[in-house]
Amino acid sequence: MLTATLPHSVQSPARAKPNGRQAILERCVERVKSTSRIFGLRNPQIGSVENGWQYCNPFDWVISFYAGQLWLAYQFSGEPGLANLARARQSDLNLLLSNLAAQDHDLGFIFSLNCVADWKLTGSQTARQMALRAAEALRARFRPAGGYIQAWNSHGTENTTRSTFVAGRIIADTMQNLALLYWAHAETGAPDFKMIADAHAETTRRNLIREDGTSFHTFVFDATTGAPLRGETHQGYAHDSCWARGQAWLVHGFAQSYRTTGNPEYLDAARLTAAKAEELMGDNEVPLWDLRLPADEPQYLDSSAGAILSAGLFILADVTSGEEKIRWRAFADRLLDGLIETCDVTQIEGAQGLLDYGAAHVRRGSVRNMLPYGDYYFMEALMRSLGHSRFCW
Ligand code: GLY
């Protein structure tokens, strides 16, 4: 069994409150433990009224974010029951492995957060084999003509609207799924896991990130020739705006990919997108759901974007030095403090999650919810801020 202790001294800039954060992290771990008794083997999908949850179906992209929290809580506390609760959720993941039609680019999130975490923390061979099967399925989504991993599937050939929408489309979120391919490359030595991850990262860097450092949420290629066609949004305000969670996926994904590969272009991509997020946020401590939102639009917050961005900035601070390191650490701290001050519900009795004010999909009316990915990255950011360095990615 693996246990982890918090470092005794953590250097931190003036704004950071590491002791306060340790207490908050302890509250998160207690909340994960107490909700496990309510959830059974269900997994939270989106917050419902009074800080409870609606639950996932077995093929939902968010299915493993609670397992990810259980693994972080296990790493923090060393309590074997938490590992057992996370591992018990792997039977649902076997359903996904045997259902090709249900698989999409989110295999990376789903298997890194549970099976790779299990393998890294306990050495489970079963979990390792499952994660390798998922990596093979993710690798098979590569489209050589355009050099990208297709994000989504059509739901049956008769649905032509959906087929047209998904064909040749990449999305910012996929940058987080590449970690599964890099991990599979490190485990097996098979070169194509890394070649495909690198090709997708390069296509993302060239097409999704605009010259000024803002990003499209999605980009469409000719599905036959691979020719680049146009950037579009799906969950953001407009095609030419900058969806906050997409920008956060890019910062975390490129910083993480740089740490894994040492490719300096990934570091530059993380820097560029982080700097633009910093500029567009102005004095805000929790991001609005879109970083280029007109002033006359409802100004909904997205705490999940803040949590993902903060965790990604702690990685960026880790891989840089001097003044630059101080800059990214200060931005990461500001975001984390903003979440703690505005969105943290761990002191609210009866609440079943960690953060309020997530915006899952504003256009569909999901504007103020707890979100399991916001909760996962909040814990990841807290742990990174306190000096932890072992994660599933
Ligand atoms: N990956 C889907 C989302 O961020 O909403």
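The values are calculated or read from the model by the stated rules, or taken from the named source; none is laboratory data. For clarity, every value in this text was computed on a predicted model and none was experimentally measured. A quick note on method: Cβ atoms are made from the backbone with ideal geometry, for glycine too, and the neighbour counts reach across all protein chains shown.
Structure values in brief
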quantity	calculated
Checking Y237 against (1) farther than 27 Å from I315 by Cα; (2) more than 16 Å from the ligand (Cβ to nearest atom); (3) buried (at least 19 other Cβ atoms within 10 Å of the Cβ), the condition it does not meet	(2)
The stretch 194-223, residues that are more than 15 Å from Y148 (Cα to Cα) and surrounded by fewer than 20 Cβ atoms within 10 Å (Cβ to Cβ)	R210, E211, D212
Which numbered condition D173 misses (of (1) within 16 Å of the ligand (Cβ to nearest atom); (2) at pLDDT 95 or above; (3) farther than 28 Å from L132 by Cβ)	(3)
Failed condition for L181, given (1) over 29 Å from T225 (Cα atoms); (2) aliphatic (A, V, I, L, M); (3) more than 16 Å from the ligand (Cβ to nearest atom); (4) under 17 Å from the mean Cα position of the chain (by Cα)	(1)
Residue within the stretch 319-329 that is assigned to a helix (DSSP H, G or I), within 16 Å of the ligand (Cβ to nearest atom) and β-branched (V, I, T) present	no
Matching residues in the stretch 358-388 - criterion: being surrounded by fewer than 23 Cβ atoms within 10 Å (Cβ to Cβ) and more than 16 Å from the chain's Cα centre (by Cα)	V362, R363, R364, G365, S366, V367, R368, L386, G387, H388
Neighbours by Cβ (under 7 Å, 6+ apart or cross-chain): first from the stretch 222-246, within 23 Å of G365 (Cβ to Cβ); second among the β-branched types (V, I, T) and part of a loop (DSSP other than H, G, I, E, B)	H239/T233; S241/T233; C242/T214; W243/T233
Matching residues in the stretch 133-146 - criterion: being more than 20 Å from the chain's Cα centre (by Cα) and either buried (at least 21 other Cβ atoms within 10 Å of the Cβ) or free of Cβ contacts under 8 Å to residues at least 12 places away in the same chain (or both)	A140, G146
Per-region count, the stretch 342-393, residues of a type outside the set (F, W, Y), in contact (Cβ under 8 Å) with a residue 60 or more places away in the chain and part of a loop (DSSP other than H, G, I, E, B)	22
Some residue of the stretch 75-89 being touching a residue at least 24 places away in the same chain (Cβ under 8 Å), out of contact with any Gly (no Cβ under 8 Å at 6 or more places or on another chain), among the hydroxyl-bearing types (S, T, Y) and under 23 Å from D173 (Cα atoms)	no
Breaking point among (1) touching a Cys at 6+ places or on another chain (Cβ under 9 Å); (2) farther than 25 Å from I209 by Cβ, for G189	(1)
Conditions (1) more than 25 Å from T233 (Cα to Cα); (2) among the β-branched types (V, I, T); (3) assigned to a loop (DSSP other than H, G, I, E, B): number failed by V116	(3)
Any chance R334 is more than 15 Å from the ligand (Cβ to nearest atom), of a type in the set (K, R), closer than 17 Å to N284 by Cα and touching a Pro at 6+ places or on another chain (Cβ under 9 Å)	no
Cβ-Cβ under 9 Å pairs, at least 6 apart or on other chains, the stretch 99-121 side under 16 Å from A151 (Cβ atoms), far side in a helix (DSSP H, G or I) and of a type in the set (F, W, Y)	F109/F65; F109/Y373
Check on I38, of a type outside the set (S, T, Y) and within 16 Å of the ligand (Cβ to nearest atom)	no
Residues within the stretch 121-157 that are part of a helix (DSSP H, G or I) and either of a type in the set (S, T, N, Q) or over 16 Å from F193 (Cα atoms) (or both), tallied	6
Looking only at the stretch 280-323, and only at residues there that are among the acidic types (D, E) and touching a residue at least 24 places away in the same chain (Cβ under 8 Å), the one that is surrounded by the fewest Cβ atoms within 10 Å (Cβ to Cβ)	E297
Listing of helices (runs of 4 or more DSSP H) fully contained in the stretch 158-277 that carry 2 or more residues being of a type in the set (G, A, S)	178-188, 191-207, 244-261
Answer residue from the stretch 48-68, given it is farther than 24 Å from H155 by Cβ and out of contact with any Ser or Thr (no Cβ under 9 Å at 6 or more places or on another chain) and is farthest from the ligand (Cβ to nearest atom) among those	E50
Hits in the stretch 97-122 (condition: aliphatic (A, V, I, L, M), within 16 Å of the ligand (Cβ to nearest atom) and buried (at least 19 other Cβ atoms within 10 Å of the Cβ))	L107, I110, L113
Filter pass, R230 being more than 12 Å from V319 (Cβ to Cβ), away from the ligand (no atom under 15 Å from the Cβ), basic (K, R) and modelled with pLDDT of 95 or more	yes
